[in-house]
Amino acid sequence: ILRRQMACVFQLIYKSNPVENVYGINIGVYRYELGQKLAAILPESVKQEADCVVPVPLSGMYYAMGLAAAIKVPYLQGLVKPDEMTRSFQIADISLREQVIRNNIKPIHELLIDKTIILVDEAIFTGITLRVVCDMLKACEVRKIYIAIPTPICGNVCKQYVQPERRLLAQEMDEKDLTKYFRVDGIFFQGYCEFRNSIQKLGFICCDCFCNIGIDRKKI
């Protein structure tokens, strides 16, 4: 367990600061390049329709930068997190976590109104953050929302005590229901094989929380 905790993939995709070097690579560069790889799973129709790529702050920023550069669509920081020190991931209580998210993420209505956006975050676990953010974006009268996730579907509870114990969204509903749950126009996940290839050269990295389903789950 200790070995897996020390080699947890979350150091790469979420926990570490972008300026840090972890497992021999720079975190910001790794996330940027993983975001670039998202371009391969987006349909051409979505790329052409999108007005901008918007990150969930702060976790989605470098992935969104990479994706925006790859598909040549403007990167737009239309969601702002004034308190950059508060992170909600480790809060197990759903109601408290939702309130923290609403208090700490603020949309810029004037930048978002009537836009078709690609919304980017690092992963989907409980889905609470993205559900709240999508509600905010709808209130800003965006035209369409597509969600792009640079990691695979997470359907396995962490057995290494890195994450708090809680039900995962993938355990609550089928994949086909996720678009309806978030009330968006499409959801795209990076395939497991592509994601695994991005960390193989780093030696042993535990990514057991992500589903290896044998085929690439791309569009939902």
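The values are calculated or read from the model by the stated rules, or taken from the named source; none is laboratory data. Since this is a predicted model, take the numbers as computed values, not measurements. We place every Cβ from the backbone using ideal geometry, glycine too, and count neighbours over all the protein chains shown. In case anyone asks, the SASA skips ligands and DNA or RNA and just uses the protein heavy atoms, side chains included. Shrake-Rupley method; radii C 1.70, N 1.55, O 1.52, S 1.80 Å.
The residue that is modelled with the lowest pLDDT, among those in region 153-176 that are crowded, with 16+ Cβ neighbours inside 10 Å and among the polar types (S, T, N, Q), is Q163. Count of region 48-63 residues, restricted to those that are modelled with pLDDT of 95 or more, under 21 Å from S198 (Cβ atoms) and not small (G, A, S), is 6. Looking across region 126-143, the residues that are touching a Leu at 6+ places or on another chain (Cβ under 8 Å), surrounded by fewer than 23 Cβ atoms within 10 Å (Cβ to Cβ) and closer than 18 Å to Q163 by Cβ come down to T126, G127. Among all residues of region 16-37, there is at least one that is in contact with a strand residue (DSSP E or B) (Cβ under 6 Å, 6 or more places away or on another chain), open to solvent by less than 20 Å² (accessible area, probe 1.4 Å) and not in a helix (DSSP H, G or I).
The set of residues from region 87-106 being modelled with pLDDT of 70 or more and either open to solvent by less than 50 Å² (accessible area, probe 1.4 Å) or in contact with a Ser or Thr (Cβ under 6 Å, 6 or more places away or on another chain) (or both) comprises V100, I101, N104, I105. If you go through region 6-15 and keep only what is open to solvent by less than 20 Å² (accessible area, probe 1.4 Å) and under 18 Å from the mean Cα position of the chain (by Cα), you end up with C8, V9, F10, L12, I13. Within the set E84, E110, the sole residue that is exposed (fewer than 14 other Cβ atoms within 10 Å of the Cβ), within 18 Å of the chain's Cα centre (by Cα) and either closer than 15 Å to M61 by Cα or at pLDDT 95 or above (or both) turns out to be E84. The C-beta contact set for region 8-31 (first residue within 16 Å of F125 (Cα to Cα), second residue open to solvent by less than 70 Å² (accessible area, probe 1.4 Å) and among the acidic types (D, E), distance under 7 angstrom, 6+ apart or interchain) comprises I13/E122; Y14/E122. Selection of region 26-47 for residues being under 11 Å from L12 (Cα atoms) and aliphatic (A, V, I, L, M) yields I27, V29, L34. Of the residues examined, G66 is one that is open to solvent by less than 60 Å² (accessible area, probe 1.4 Å), farther than 19 Å from L112 by Cβ and at pLDDT 95 or above.
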